[in-house]
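One structure is given here, and the rest of the page talks about it.
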């Protein structure tokens, strides 16, 4: 597993993303960056009262990457069925390359590497 700062340049499948927020932006727009599509599966941080619901904007985010929309749709279909671990972490090396971010500026981005176990 590689670890990156959330605002660090991260290269995936030959495309360089300027931090995890750019990855999420491309996923939500379904627009490729340098031929690389990004898919997102995320969950809002837990909210415990009305103030949380009003102000919470952090998400636990799983990202998958592919060279075509068809491949990204298939990876998202599989990702939706993957067992999640704590904090909505669905990192799975079968979907490599894949990234996970806990959604806060203090958290790093985890990116699968070839040969990872999980």
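We did not get these values from a lab; they are worked out from the coordinates using the rules stated. Treat the numbers as computed from the prediction; the structure is a model and nothing was measured. Note that we place each Cβ from the backbone using ideal geometry, even for glycine, and neighbour counts take in every protein chain shown.
Cβ crowding within 10 Å, taken as a proxy for footprinting-reagent exposure, orders 47, 93 from fewest neighbours to most as 47, 93. What is the percent of Cα-Cα separations in segment 1-56 that go past 17 Å? It works out to 50 percent of all Cα pairs. For 4, 60, the sequence from fewest to most other C-beta atoms within 10 Å is 4, 60.
Counted residue by residue at 0.36 nm each, then reduced by the alpha carbon distance between them, the extension gain from residue 113 to residue 1 reaches 39.8 nm. Given their separation in residues at 0.36 nm each and the Cα-Cα distance between them, residue 85 and residue 13 gain 23.4 nm when the chain is fully extended.
Note on residue 67 and residue 30: the extension gain reaches 12.1 nm, defined as 0.36 nm multiplied by sequence separation minus the Cα-Cα distance. Footprinting exposure proxy ranking of 108, 34, fewest other C-beta atoms within 10 angstrom first, gives 34, 108. For residue 93, project a label point 7 Å along Cα to C-beta. Then give me every residue of segment 1-34 with its amide nitrogen under 15 Å of that point. Within reach of a label on residue 93: 1-3. For segment 2-111, the relative contact order works out to 27 percent when only alpha carbon pairs closer than 8 Å and six or more residues apart are counted.
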